[in-house]
Amino acid sequence: REAQHVATLKIHKEYLTYLVRDAKGEILMQSHDADPKIFNTQPSEGFSTTEKYRLYGASALRETLFIDIAEPLDHRREAAREALFALLLPLLALIPISLLGVWLFVRISLRSVLAYRRAVEARGVGDLSPIKVARLPAEIDPLADAVNHLLERLRKALEAERSFTANSAHELRTPLAATLAQIQRLRHEAPEGPLRVRAAKIENSLRELARLSEKLMQLAKAEGGGLLSEAPQDLIPLLAHGVDEWNHSGGQRIALQLPSQASVYSAIDPDAFGILLRNLIENALKYGAADQPVEVSLGDQALLRVVNGGQAVPEPVLRRLTERFVRGNSDASGSGLGLAIAQTIVQGVGASMTLASPATGRDQGFEVRVQFVLIPTVKE
Ligand SMILES: Nc1ncnc2c1ncn2[C@@H]1O[C@H](COP(=O)(O)OP(=O)(O)OP(=O)(O)O)[C@@H](O)[C@H]1O
Ligand SMILES: [Mg+2]
């Protein structure tokens, strides 16, 4: 019998070719491009692969009719490649877009965490209030609560420590004064000789102790906060009064220079200003050359300067003088707390203090500059 060819609608290259055969392998029908040589000689069912073709066979009518279909492997590969590209190309564009999206999302949602970080960084000895930040991510919220608890505990611990220092210094004052009075009497009553010398020594030591406890109290006060005043304070009368006190108590060594303005306002507690001034002037009188005046001046821009003569302090020593219990090499007695107290007050009111030696415009001496925050006077 002659194999039937399916009439071709259009001459084209077939991707799939087929043969229809009977059980003995006689070709009954084939597609126009079909090449019988590429098919298995005996019809079989299911998939199989030859060197260049992928074949599929199926039977009908109780295995009397078989159809075999062949597809060139090249074509299959090309189809697979095309499918792969069709999938990959959009992905290539999608991946960067989604990465950018993730980055943007994380950035935006973590913005409040950044604000929180800044708030934590701003906290210090002066400010241990709880941190409030609106809309933190839910995962961070418990952390924020824990930090607030920690701040609270820290604040209480610091407060306890400060009030202990302040209280002890205060409690020491009375017994020290009483003992000092007793020793003085003892010294007067003692006969001329070694006993009186010893009494004098004890008296001196007690005076040192009283000075130290006074300094400790000042330091505790300075660290305790409340250094800013609610209403702006005119620094001129405060300064004039402070200098007057010193000049009355001894020597008239202080030359005061006030600004041309009628008033210079800054937000500092008058007591704190008094303590600051006292420490600076005390140092200038104690360590300055005795034959030179101490110059105290206040500028229009709220710059306070305290200058004294005497040997210049070397730079490495100068840098450490504001630390507690650090002293320069001097014979005068002291505890090394004065400049630390001054520094604490200055920081507490947002001002800045600089030490210079030799003093500006001189080849020796010592200068302390304190730049207060000037509050412009409102003219009404
Ligand atoms: N005006 C000054 N001129 C020269 N040296 C100074 C002056 N002020 C401070 N110093 C040096 O800085 C050191 C530290 O001063 P600070 O006031 O902190 O402590 P102190 O005066 O030694 O003790 P305290 O003030 O506690 O009684 C001093 O020992 C001194 O050597
Ligand atoms: Mg001092």
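Computed quantities for the displayed model
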item	result
Extreme residue, farthest from ligand 2 (Cβ to nearest atom), among residues of region 352-372 that are crowded, with 21+ Cβ neighbours inside 10 Å and aliphatic (A, V, I, L, M)	359
All positions within region 281-314 that are of a type outside the set (Gly, Ala, Ser), closer than 30 Å to residue 376 by Cα and away from ligand 2 (no atom under 16 Å from the Cβ)	295, 298, 300, 301, 303, 304, 305
Of residues in region 269-280 being of a type outside the set (Gly, Ala, Ser) and within 16 Å of ligand 2 (Cβ to nearest atom), the one nearest to residue 217 (Cα to Cα)	275
Among the residues listed as 347, 301, 292, the single one being of a type in the set (S, T, N, Q), closer than 26 Å to residue 249 by Cα, modelled with pLDDT under 95 and more than 8 Å from ligand 1 (Cβ to nearest atom)	292
Inter-residue pairs, beta-carbon under 7 Å, first without any contact (Cβ under 8 Å) to a residue 40 or more places away in the chain and in region 161-184, second surrounded by 12 or more Cβ atoms within 10 Å (Cβ to Cβ) and small (Gly, Ala, Ser), 6+ apart	176/210; 176/213; 180/210; 183/199
Hits in region 133-144 - residues which are at negative phi and either surrounded by 11 or more Cβ atoms within 10 Å (Cβ to Cβ) or in contact with a helix residue (DSSP H, G or I) (Cβ under 8 Å, 6 or more places away or on another chain) (or both)	133, 134, 136, 137, 140, 141, 143, 144
Residue within region 30-39 that is at pLDDT below 85, among the aliphatic types (A, V, I, L, M) and more than 23 Å from residue 76 (Cβ to Cβ) present	no
Residue in region 325-336 that is nearest to ligand 2 (Cβ to nearest atom), counting only those that are surrounded by 14 or more Cβ atoms within 10 Å (Cβ to Cβ) and not small (Gly, Ala, Ser)	327
Every pair of residues 6+ apart whose Cβ atoms lie under 6 Å, when the first sits in region 282-300 and is within 11 Å of residue 257 (Cβ to Cβ) and of a type outside the set (Phe, Trp, Tyr) while the second is within 12 Å of ligand 1 (Cβ to nearest atom) and modelled with pLDDT of 90 or more	295/307; 296/306; 297/305
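The rows are residues; the columns are (1) outside the structural domain of residue 305 (by TED's automatic domain parsing); (2) more than 16 Å from ligand 1 (Cβ to nearest atom); (3) in contact with a helix residue (DSSP H, G or I) (Cβ under 8 Å, 6 or more places away or on another chain); (4) free of Cβ contacts under 8 Å to residues at least 12 places away in the same chain.
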residue: 238; (1), (2), (3), (4): no, yes, yes, no
residue: 246; (1), (2), (3), (4): no, no, yes, no
residue: 260; (1), (2), (3), (4): no, yes, no, no
residue: 266; (1), (2), (3), (4): no, yes, yes, no
residue: 271; (1), (2), (3), (4): no, yes, yes, no
residue: 279; (1), (2), (3), (4): no, no, yes, no
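The values are calculated or read from the model by the stated rules, or taken from the named source; none is laboratory data. All figures in this text were calculated on a predicted structure; none of them were measured in a lab. Counting neighbours? That spans all protein chains shown, and the Cβs are built from the backbone with ideal geometry, glycine included.
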